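Have a look at the structure below before the remarks.
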Amino acid sequence: MNIGQIRELGVNAFRDDFPWSDFEQPGGRIGFTPQLGRLDAQIKSAVARPFLILAFGHHLVPNSMPPTTDEARRRFAAYASAAAHAVAPQHPVFELWNEWNLAAKKDAAFSVDNYLALAKIVQPAVKQAAPGAPFVVGAIGDDPGWNWTEQMLQSGILQYADGVSIHLYNFCMGPAKRNSAEVVDRLNTFHRLVSEASGSPTFPIYVTEAGWPTANNKCGVSEQAQADNMAQLILWASTASSWLKGIWLYELKDSGTNPSDLEHNFGLYHFDNSPKRAACAVRDAWAFVRSSTSAESKQLSGGVTAIIASTPAGRRMAIWSGDPNQRFAVRLRSNAADATYSLPCEAAAQPASGAWMPVSGTPLLVSTNNAAAPDFDIRPER
């Protein structure tokens with residue numbers, strides 16, 4: 001079912017755990033096991049590029065959660081090497097651990113120094129097994145004040161990395177910040193920190209988790225808000241392609257059926273595999289900008305955002321209101337007979353020329369064959 005859903009979305013990568021404890025069996029046998037059957041099938045299907053998390057300790061290896069001794073690190077590197085070799089033909093990307101910094105709040109062994117020591121031995125092992133596979137560090141969970149992040153970036157770890165990754169969530173912030181704009185603001189701050197530490201404004205950054213749960217509790221959002229936030233984030237990402245190498249939305253399908261449990265309700269699909277609104281919103285937003293060669297973001301009046309992208313087929317413009325409670329309408333100033341507009345999840349595009357088009361939290365998608373970026377009139381709607 002996962003393979004079909006990934007294909008339905010049209011996305012070109014998926015992220016998944018590749019746990020050491022499931023890959024190395026007692027007696028030192030290393031390879032895909034029944035526990036990894038779903039992952040093995042997904043990778044071999046070639047439905048999308050695998051982004052794999054090399055992580056977690058092994059119950060048979062002392063001092064491995066996290067690896068803090070030379071022997072534990074050596075054993076982890078051996079697993080990472082074998083894992084990389086096993087999937088190298090599928091052009092994977094590898095990420096070292098998952099949210100190491102969050103574990104550091106309760107366990108001093110999850111220090112920056114120990115993370116750096118692990119990266120130093122794992123990176124060459126992975127590169128030898130899969131020379132073309134990017135090796136990504138970080139997978140940084142929530143880090144208010146950026147203290148752990150800055151320590152990691154200043155440790156010298158970037159010399160062992162092809163990129164750095166971060167997780168960005170805001171679902172328990174106040175309702176006014178529970179949106180894509182807040183994620184973009186924090187991502188831009190992270191980009192500045194990485195640029196300063198690496199000396200390069202284009203050092204690769206991966207957002208390996210972002211999402212909004214549709215649970216019916218105080219931190220949940222509506223299915224429409226989830227869809228709008230995800231579509232906006234994908235559309236904005238087209239403006240940052242020089243340094244932003246991907247966004248992985250958490251998660252493909254709900255992990256449970258309790259409507260009030262946050263962790264059960266992050267999916268683009270319900271637990272029964274029926275799609276939420278987010279599924280078609282992600283599909284259509286990605287299809288809209290996938291072929292863009294360049295893009296820029298502009299702020300229009302009233303807190304309206306416009307993404308203007310160039311594609312081989314002409315201009316693409318995505319327009320939305322930063323406040324879902326404020327609605328607007330826009331109209332092309334010039335007559336463009338070929339221009340059309342639609343909304344995510346709508347089947348048919350409509351002629352845009354002369355029409356007042358609706359702008360809300362749901363991105364308005366405007367296409368024209370004209371190479372020049374069109375101007376708009378904008379008015380508030382009641």
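The values are calculated or read from the model by the stated rules, or taken from the named source; none is laboratory data. Small disclaimer: the values here were computed from a predicted structure and weren't measured. No Cβ is skipped: glycine too gets one built from the backbone with ideal geometry, and neighbour counts run over all protein chains shown.
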For SER165: the one exception among (1) out of contact with any Ser or Thr (no Cβ under 9 Å at 6 or more places or on another chain); (2) within 28 Å of ILE30 (Cβ to Cβ); (3) among the hydroxyl-bearing types (Ser, Thr, Tyr): (1)
Scan of segment 117-132 for residues that are touching a strand residue (DSSP E or B) at 6+ places or on another chain (Cβ under 9 Å) and closer than 11 Å to LEU54 by Cβ, ordered by number: LEU118, ALA119, VAL122, GLN123, VAL126
Residues of segment 172-203 satisfying the condition of being outside any loop (DSSP other than H, G, I, E, B), among the polar types (S, T, N, Q) and crowded, with 21+ Cβ neighbours inside 10 Å: SER180
Odd one out for TYR206, checked against (1) assigned to a strand (DSSP E or B); (2) surrounded by fewer than 23 Cβ atoms within 10 Å (Cβ to Cβ): (2)
Members of segment 330-363 that are of a type in the set (A, V, I, L, M), within 30 Å of the chain's Cα centre (by Cα) and surrounded by fewer than 17 Cβ atoms within 10 Å (Cβ to Cβ): ALA347, ALA348, ALA349
Pairs, first under 19 Å from ALA287 (Cα atoms) and modelled with pLDDT under 95 in segment 349-365, second of a type in the set (Lys, Arg) and surrounded by fewer than 20 Cβ atoms within 10 Å (Cβ to Cβ), C-beta under 7 Å, six or more apart: none
Those residues of segment 284-311 which are without any contact (Cβ under 8 Å) to a residue 40 or more places away in the chain and more than 23 Å from TRP243 (Cβ to Cβ), in sequence order: GLY303
Selected residue [surrounded by fewer than 20 Cβ atoms within 10 Å (Cβ to Cβ) and farther than 21 Å from LEU96 by Cα] from ALA48, ALA41, ALA13, ALA78: ALA41
Count of residues meeting criterion [within 24 Å of GLY10 (Cβ to Cβ) and in contact with a helix residue (DSSP H, G or I) (Cβ under 8 Å, 6 or more places away or on another chain)] in segment 195-236: 21
Residue in segment 299-316 that is outside any strand (DSSP E or B), surrounded by 21 or more Cβ atoms within 10 Å (Cβ to Cβ) and out of contact with any strand residue (DSSP E or B) (no Cβ under 7 Å at 6 or more places or on another chain) present: no
Residue match in segment 227-250 (condition: closer than 23 Å to TRP97 by Cα, surrounded by 21 or more Cβ atoms within 10 Å (Cβ to Cβ) and aliphatic (A, V, I, L, M)): yes
Unmet requirement for GLN128, which otherwise passes all of (1) crowded, with 18+ Cβ neighbours inside 10 Å; (2) over 22 Å from the mean Cα position of the chain (by Cα); (3) part of a helix (DSSP H, G or I); (4) in contact (Cβ under 8 Å) with a residue 40 or more places away in the chain: (1)
Any hit, segment 268-277, residues being in contact (Cβ under 8 Å) with a residue 24 or more places away in the chain, crowded, with 17+ Cβ neighbours inside 10 Å, among the hydroxyl-bearing types (Ser, Thr, Tyr) and within 16 Å of ASP228 (Cβ to Cβ): no
Close pairs from segment 223-245: first assigned by TED's automatic domain parsing to the domain that holds ALA309 and under 12 Å from SER294 (Cα atoms), partner small (Gly, Ala, Ser) and crowded, with 18+ Cβ neighbours inside 10 Å, Cβ under 7 Å, at least 6 apart: none
Qualifying positions in segment 1-30 - assigned to a loop (DSSP other than H, G, I, E, B) and either out of contact with any strand residue (DSSP E or B) (no Cβ under 8 Å at 6 or more places or on another chain) or at pLDDT below 90 (or both): MET1, GLY10, VAL11, PRO26, GLY27, GLY28
